[in-house]
């Protein structure tokens, strides 16, 4: 039987698994954890078929890193089940190559964490097989009823799933969304540490798969996540299962109104904070792609006007250097995301003049020609006016070195999703943003999902370098996520991802997102207010862009 590996035909016996066929390669490179078969993520136990195209996935890859984290969390949950079976465990959100977890019905101690660490290490050293078991819906209903834990219940409620899956290891089982390592021994590195009122499960990053780097504290980010997590709990919506149930019970409109009211309240609080200090004249906004920066800036402007401050906007995009001066990346391509791609000298000269009450002539940058033009447009900042500027480098003081810190107010915004699928499966912030962007690209630019997915991870690479390292420098953080948003976006995003065929390398990601979206009960766009940040992606906003 012939299969394709690294664009070459390879002979292998029938009924052979990927693990058996590539045993030497897997043993040689110790961090291989799964495989891609015909552009679909599979475990190493996958049985090869004629003409299958195979790619081995290690933990430095996006999918490999996800599988590693998933396997580690499974082992952590298994250790708790063995040592503390009565504990109610929740996996909450990601912090600096770590997953923050909590226990709802007990106090976490250092002794408990040390016991769990030892048990996790014991489970890993035993190299126990993790087996995927599929059941028919009727079988799964009886199984869950018998076990009386509620684990995996979200699958039964998903009417689009014909079969229900669980992962078993010895006498322990759990449900995890996605492919799992085939045994516990594939988890080489981990740490667990008590942190605030919970604990962190730590793992290697994609960029450093063979080490666990020191934990980078993110107190402001953590506080923002905790605030929204607490609000969701008050609303009784900590998991997608709870959200779906409320929607089925006719509470969808109320959830939308409460979510939007929270946004309104938080934006007003930020505006009040700016207004309290009259020295703040330059408001700098930064956040990753599809965070909703444009709508946020407009809504913040409205709140500032109510406080007696008139906002004016200046665009960093008009201050790029001329094309011949644009830096290039390691591949020889223009790097428009580099700080050096901005004409820092001119930008800072103009900012200083504006703060001094002088008039400037604002440039307009022609991206096709790579040149700045002056069309006679001028700007002047009066005493009751503040300047709003948005861009990827806005949290970095190197963008505005001529402006004193006391005159700047920096805001970090992102869709910091705190809703989980269930108590063990979190919803990634990145998934929320990529769904938003896919819908927006299709609505406004005519792009299909294939084009969006193909470019997405080059976009996120720039964010990891230019935005995330500076997020703790912000004077305020705003979480743009809405607990109900994927329920609305599902109608638009799902058909776009379903169009991506298996022949494309983006198929694996599209398939994963399709399966993810199918869990959400739909909500109609008609119930979303016209000033909602979500309308920036749906194309029905009251604001002009």
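Derivation of every value follows stated rules applied to the coordinates shown; laboratory data play no part. Predicted, not measured: the structure shown is a model, and the values here were computed from it. Glycine gets a Cβ as well: all are built from the backbone with ideal geometry, and neighbour counts include every protein chain shown.
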Original post:
Going by how many other beta carbons lie within 10 Å of each one, how would you line up 273, 197, 146, 410, fewest first?
Top reply: 146, 197, 273, 410
Original post:
Beyond 24 Å, what share of the Cα-Cα pairs of segment 189-323 remains, rounded to the nearest whole percent?
Top reply: 56 percent
Subject >> Crossing angle, helix 137-147 versus the chain [Cα axis fit, 0-90 degrees, rounded to tens] >> reply: 80 degrees
Subject >> Order of 394, 514 - criterion: other Cβ atoms within 10 Å of each residue's Cβ, fewest first >> reply: 514, 394
Original post:
Per residue and in Å³, how big is the convex hull formed by the alpha-carbon atoms of segment 325-453?
Top reply: 206 Å³
Original post:
Antiparallel as a % of all DSSP beta bridges within the chain, to the nearest 5?
Top reply: 70 percent
Subject >> Segment residue 339-residue 367, length gained on full extension (0.36 nm per residue, minus Cα span) >> reply: 8.4 nm
Subject >> Helix-only [θ]222 nm of the chain, DSSP H runs n ≥ 4, -39500 (n - 2.57) each, per residue, nearest 500 >> reply: -11500 deg cm²/dmol
Subject >> Over segment 6-143: Kirkwood hydrodynamic radius from C-alpha pairwise inverse distances, Å >> reply: 17.8 Å
Original post:
Could you give the nm distance between label points at residue 472 and residue 355, where each point is 7 Å from its Cα heading toward the beta carbon?
Top reply: 2.5 nm
**OP:** Any chance you could run the full-extension gain for residue 142 through residue 206? It's 0.36 nm times the residue separation minus the Cα-Cα distance, nm to one decimal.
**Re:** 19.1 nm
Original post:
Which of 135, 8, 193 comes first, and how do the rest follow, when ranked by fewest Cβ neighbours within 10 Å?
Top reply: 8, 193, 135
**OP:** Measure nothing but the geometry: give the 0 to 90° angle between the long axis through the Cα atoms of 62-83 and the longest principal axis through the Cα atoms of the chain, rounded to 10°.
**Re:** 60 degrees
Original post:
What span do the alpha-carbon atoms of segment 243-320 cover on each of the three principal axes, reported in whole Å from largest to smallest?
Top reply: 49, 32, 14
**OP:** Calculate how large, on average over all directions, the projected area of the Cα convex hull of segment 2-58 is; give the answer in nm² to one decimal.
**Re:** 3.4 nm²
**OP:** Using Cα centres only, tell me the gap between segment 1-28 and segment 173-217 in whole Å.
**Re:** 29 Å
Original post:
Expressed in nm to one decimal, what extension gain is obtained for the pair residue 6 and residue 233 from 0.36 nm per residue of sequence separation less their Cα-Cα distance?
Top reply: 76.8 nm
Original post:
If you average the sequence gap of Cα pairs under 8 Å that are 6 or more apart and divide by the length of segment 409-545, what percent do you get for the contact order?
Top reply: 30 percent
Subject >> Calculated over the chain: convex hull of Cα atoms, volume per residue (Å³) >> reply: 167 Å³
**OP:** Can you bin segment 320-374 into rounded, prolate or oblate? Criterion: square roots of the alpha carbon gyration tensor eigenvalues sorted a ≥ b ≥ c, rounded for a/c under 1.5, prolate for a/b above b/c, oblate for the rest.
**Re:** oblate
Original post:
In nm, to one decimal, how far is the modelled label at residue 382 from the one at residue 53, with both set 7 Å along Cα→Cβ?
Top reply: 6.2 nm
Original post:
Taking R0 as 45 Å, what's the FRET efficiency between residue 527 and residue 15 from their Cβ-Cβ distance, rounded to 0.05?
Top reply: 0.30
Original post:
So what's Rg/Rh here for segment 27-95, counting alpha carbon atoms and using the Kirkwood radius for Rh?
Top reply: 1.11
Subject >> Rounded Å value of the spacing that divides the Cα centres of segment 426-479 and segment 311-382 >> reply: 23 Å
Original post:
If you average over every viewing direction, what projected area does the convex hull of the Cα atoms of segment 64-217 give, in nm²?
Top reply: 9.4 nm²
Original post:
By how many degrees, 0 to 90 and rounded to 10, does the Cα axis of helix 219-235 deviate from the longest principal axis of the chain?
Top reply: 70 degrees
Subject >> Relative contact order (%) - criterion: Cα under 8 Å, at least six apart; region: segment 1-77 >> reply: 32 percent
Original post:
Over what distance in Å are the Cα centres of segment 89-125 and segment 259-294 separated?
Top reply: 35 Å
Original post:
With contacts defined as alpha carbon pairs under 8 Å and 6 or more residues apart, what's the relative contact order of segment 64-217 in percent?
Top reply: 32 percent
